[in-house]
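One structure is given here, and the rest of the page talks about it.
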Amino acid sequence: MTEQAEIGIFGGTGIYDPGLLTESKEIVVETPFGKTSDSITVGMYKGRKVAFMPRHGKKHNIPPHLINFRANIWAFKEMGIKRVIAPSAVGSLKQELKPGDFVLPSQFIDFTKSRKLTFFEDGKVIHISVADPFCPELQNSISQAAKKINLHLHKDATYVCIEGPRFSTRAESKFYKNVIGADIIGMTLVPECQLAREAQMCYASVSTVTDYDVWSEKPVTAKEVLETLSKNVSTTKKILGELVDLVPTQRGCSCHKALEEAQF
């Protein structure tokens with residue numbers, strides 16, 4: 001039987017080991033969609049079983065457009081995980097969202113191009129609702145965790161997800177900012193969050209702003225992103241540490257019923 005856990009964490013850029021778990025071990029979960037990004041670390045934290053997987057791999061060797069999102073979500077589902085927490089790195093499309101700030105997205109706009117977006121492809125059509133793509137209970141827990149460590153958390157942000165791995169042109173960045181009206185920009189939220197919804201798992205993301213996207217006339221560099229992330233890794237780990245304890249043990253949301261009205 002596959003090792004079981006209650007809460008799953010996808011580590012984003014800069015978060016390759018949460019450093020939180022005791023009695024930990026690494027496991028590999030086979031999936032019908034191929035290999036996961038890396039092995040999964042399973043252990044205990046404050047009496048709860050938690051699983052951790054770095055979505056880019058421990059050596060950051062998987063670019064965003066090649067992440068096997070279906071395998072990653074499927075593996076967590078096989079482990080019995082009901083709650084998924086997903087830290088990520090993003091660029092800012094608003095002056096008030098500064099590098100180093102933390103943001104809680106509530107909506108997304110999908111500008112990806114070539115990703116596998118669903119588990120259902122062979123004769124079964126599923127129209128999953130993502131009108132509100134993130135679990136409200138998990139979002140509330142993230143807000144509480146931020147308060148406990150006195151961290152200002154920007155809320156109700158719209159995340160535009162692009163294909164990557166390149167950064168935007170100036171024209172694209174201004175389009176996302178001025179025409180689309182998004183707040184933050186990243187490369188990993190889609191289809192991760194919608195696959196979690198298809199799997200009837202609770203999912204919420206917490207984003208670290210690493211840079212002002214190129215609309216601000218300063219080209220984004222990978223070096224700049226990593227420098228900002230390295231400064232914020234400890235804060236992200238503090239949030240995760242508080243968050244695990246704050247996640248309700250029973251689900252009062254509707255995430256677990258996502259497929260009930262999703263098919264004809």
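Cα centroids of segment 43-60 and segment 129-183: 23 Å apart.
Over segment 129-264, the fraction of Cα-Cα pairs per 10 Å bin, rounded to whole percents and listed from the shortest bin up, is 10, 34, 35, 18, 3. Helix-only arithmetic for the chain: the sum of -39500 (n - 2.57) across DSSP H runs with n ≥ 4, divided by the residue total, places the mean residue ellipticity at 222 nm at -7500 deg cm²/dmol. The string of couplings for segment 79-86 from the Karplus curve (6.51, -1.76, 1.60, θ = phi - 60°) is 7, x, 5, 9, 10, 10, 10, 10 Hz, one whole number per residue in order, with x for Gly and Pro.
With the full set of protein chains in place, find how many percent of the accessible area of the chain is carbon and sulfur; take the probe as 1.4 Å.
Numbers: 6160 of 12010 Å².
Reported share for carbon and sulfur atoms: 51 percent.
Set the Cα radius of gyration of the chain against 2.2 N^0.38 Å, with N its number of residues, and you get 0.95. Stretching the chain fully between PHE120 and PHE175 yields a gain of 16.6 nm (0.36 nm per residue, less the alpha carbon separation). Summed over the residues of the chain and divided among them, the accessible surface reaches 46 Å² per residue at a probe radius of 1.4 Å.
Test of the criteria: in segment 41-125, which GluC sites (Glu not before Pro) are in a DSSP loop and have at most 16 other Cβ atoms within 10 angstrom of their Cβ?
Values: sites: GLU78, GLU96, GLU121; in loops: GLU96, GLU121.
Here the GluC sites (Glu not before Pro) that fit, given the DSSP loop and packing criteria, are GLU96, GLU121.
Near the amide H of ILE81, within less than 5 Å, lie the amide hydrogens of ALA5, all on another chain or at least 5 residues away, with H placed in the peptide plane.
The values are calculated or read from the model by the stated rules, or taken from the named source; none is laboratory data. As the structure is a computational prediction, the values presented were derived from the model and not from experiment. As a convention, Cβ positions derive from the backbone with ideal geometry for all residues, glycine included, and neighbour counts pool all protein chains shown. Note: accessible area is taken over every heavy atom of the protein model, side chains too, but ligands, DNA and RNA are not part of it. Shrake-Rupley method; radii C 1.70, N 1.55, O 1.52, S 1.80 Å.
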